[in-house]
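Here the structure is laid out as structure tokens; the discussion comes afterwards.
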Amino acid sequence: MNPKYPVYIVSKGRWKTRLTSKALDRINVPYYIVVEEHERDEYASVIDPAKVLVLPPEFLRDYDTCDDVGEARGKGPGAARNFCWLHSLTQEADRHWVMDDNIASFNRLNRNLMCKVESGTIFRAAEEFVDRYENVPISGFQYRFFIAPNQRYPAYVKNTRIYSTLLISNDCKHRWRGRYNEDTDICLRVLKDGDCTIQFNAFMQGKCATQTVAGGNTEEFYHKEGLEKNSWIKGYINTEGTRNKSEMLVRMHPDVARMVWRFNRWHHYVDYSPFKKNELRYKKDITLPKGNNEYGMKLVTNFKT
């Protein structure tokens with residue numbers, strides 16, 4: 001079983017690794033991959049050219065980076081994500097999936113077992129769950145490394161940020177913006193409208209940690225600047241990307257975001273407690289199924305790919 005909504009990967013400088021592409025190919029999920037014109041041939045040499053979409057330059061030119069740095073830094077993935085949104089509308093889709101390009105696997109958590117999936121069924125199950133509601137513009141999968149063994153987790157958490165693998169309603173009024181933290185920003189705008197997000201713990205993505213895969217924004221956003229003084233805490237070693245991206249989010253959402261120093265680098269901290277009151281609303285014509293639906297999924301031991 002495969003997703004019913006179109007799937008997009010946004011990629012830059014990673015035609016050699018192409019982790020998400022390989023992960024989707026392995027489980028036979030169809031997708032498009034969006035790249036810049038100067039890298040099209042490299043991607044088309046290792047991926048079916050029919051899957052490769054070129055980002056029109058006007059999406060980069062007109063993208064709102066929410067800062068005045070200009071062309072000194074890359075603009076991040078938001079422009080390509082906006083193109084994916086428009087492309088999915090031409091497919092007359094109600095929603096679309098958009099993913100980062102450094103996801104090595106997709107997993108299911110069930111009865112304390114974390115298992116790799118061998119089909120796109122978890123995407124379809126997530127879609128049909130979210131489609132029950134009229135006010136979930138954004139949903140997606142939890143990071144696998146945030147799920148600890150021998151711990152209990154709810155099947156999903158509502159009203160938090162969604163990263164890297166996102167299912168987006170095409171009638172959402174917001175669009176991607178910002179050079180950094182564009183995923184946190186769009187989730188906060190949705191939540192401030194009184195709508196909800198859903199993060200699935202039952203379905204997970206095996207995303208590689210930030211700065212561990214060459215390409216993408218690694219070189220543009222995360223290079224070392226060394227020891228410097230700044231307006232927050234003086235005398236620490238910082239990275240350009242983690243500091244600037246956190247400062248930008250604080251400027252954009254000062255009511256819920258603040259700067260924190262953790263793990264030897266800057267991070268943003270977002271207080272999602274004001275959105276606890278945002279309640280899921282069923283669609284008026286929805287008929288809820290009875291019983292447990294496994295969508296044909298079975299646990300197979302010693303499975304070889």
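The values are calculated or read from the model by the stated rules, or taken from the named source; none is laboratory data. Please read these numbers as outputs of a predicted model, since none were measured by experiment. Cβ atoms come from the backbone with ideal geometry, glycine included; neighbour counts cover every protein chain shown. Each accessible area value is taken on the protein alone, full model and side chains, heavy atoms only, with ligands, DNA and RNA left out. Shrake-Rupley method; radii C 1.70, N 1.55, O 1.52, S 1.80 Å.
Each residue of segment 96-110 is assigned a 3J(HN,Hα), and the resulting list reads 8, 9, 9, 10, 6, 9, 10, 10, 8, 6, 10, 9, 10, 9, 8 Hz, derived from the Karplus form 6.51 cos²θ - 1.76 cosθ + 1.60 (θ = phi - 60°), x at Gly and Pro.
Based on protein heavy atoms only, the chain ends up with 51 Å² per residue of surface accessible to a 1.4 Å probe.
Identify the GluC sites (Glu not before Pro) of segment 19-108 meeting these criteria: DSSP loop state and at most 14 other C-beta atoms within 10 Å of the C-beta. Counting only loop positions with at most 14 other Cβ atoms within 10 Å, the GluC sites (Glu not before Pro) in segment 19-108 are GLU92.
Separation of segment 20-52 from segment 163-205 is 24 Å, based on Cα centroids.
Quantify, in whole percent, the carbon and sulfur part of the accessible surface of segment 31-186 (1.4 Å probe; protein heavy atoms only). Provide the component values of the computation, followed by the final result.
Working: 3190 of 6790 Å².
Using a 1.4 Å probe with all protein chains present, segment 31-186 comes out at 47 percent carbon and sulfur.
Peptides 151-159, 46-54, 5-13, ordered by how many other C-beta atoms sit within 10 Å of their residues on average, highest first, read 5-13, 46-54, 151-159. Can you compute log10 of I(q)/I(0) for segment 1-141 with the Debye formula, treating each Cα as one identical point scatterer, at q = 0.14, 0.15, 0.20 Å⁻¹? Rounded to two decimals, the profile gives -0.72, -0.82, -1.29.
Here the Karplus curve 6.51 cos²θ - 1.76 cosθ + 1.60, taken at θ = phi - 60°, turns the phi angles of segment 33-43 into couplings of 10, 9, 9, 7, 3, 5, 10, 4, 4, 4, 5 Hz, with x standing for Gly and Pro. The H on the amide N of ASN135, modeled in the peptide plane, is under 5 Å from the matching H of ARG281, each at least 5 residues off or on a different chain. Surface composition of segment 250-305: carbon and sulfur make up 51 percent of the accessible area, probe 1.4 Å. For the chain, the calculated P(r) over all alpha carbon pairs, in 20 Å bins from 0 to the bin holding the longest distance, is 31, 60, 9 percent.
Using a ≥ b ≥ c from the Cα gyration tensor of segment 77-132 (square roots of the eigenvalues), is it rounded, prolate or oblate, where a/c under 1.5 gives rounded and otherwise the larger of a/b and b/c decides, a/b for prolate? Intermediate results must be reported in sequence, preceding the final value.
Details: a/c = 3.03, a/b = 1.62, b/c = 1.87.
Oblate is the answer for segment 77-132, as a/c is 1.5 or above yet b/c matches or exceeds a/b.
Listed peptides 174-184, 118-128 appear in the order 174-184, 118-128 once ranked by packing, highest mean of other Cβ atoms within 10 Å at the front. Note: segment 118-208, Cα convex hull, 113 Å³ per residue.
Here the chain carries DSSP beta bridges of which approximately 65% are antiparallel, counting only pairs with both residues inside.
Who wins for biggest fluctuation among GLN142, GLN91, GLN199 in a Gaussian network model of the chain, springs between alpha carbons below 10 Å? Looking only at GLN142, GLN91, GLN199, the largest GNM fluctuation is found for GLN91.
In this structure, the pairs whose alpha-carbon distance is over 23 Å, taken from LYS51/LYS245; LYS173/LYS277; LYS158/LYS298, are LYS51/LYS245; LYS158/LYS298.
When the Cα positions of THR121, SER11, TRP176 are compared along the charge dipole of the chain, THR121 comes out farthest toward the positive end, with charges on each C-beta of Lys, Arg, Asp and Glu.
What order, most packed first, do the peptides 253-262, 94-103 have when packing is the mean number of other Cβ atoms within 10 Å of each residue? Don't jump to the answer; show the numbers that get you there.
Values: 253-262: 14.3, 94-103: 23.6.
Highest mean packing first, the order is 94-103, 253-262.
Couplings 3J(HN,Hα) for segment 196-201, derived from phi with the Karplus relation 6.51 cos²θ - 1.76 cosθ + 1.60 (θ = phi - 60°), are 10, 10, 10, 10, 7, 8 Hz, where x marks Gly and Pro. Measuring with a 1.4 angstrom probe and ignoring ligands and nucleic acids, CYS172 comes out at about 10 Å² accessible.
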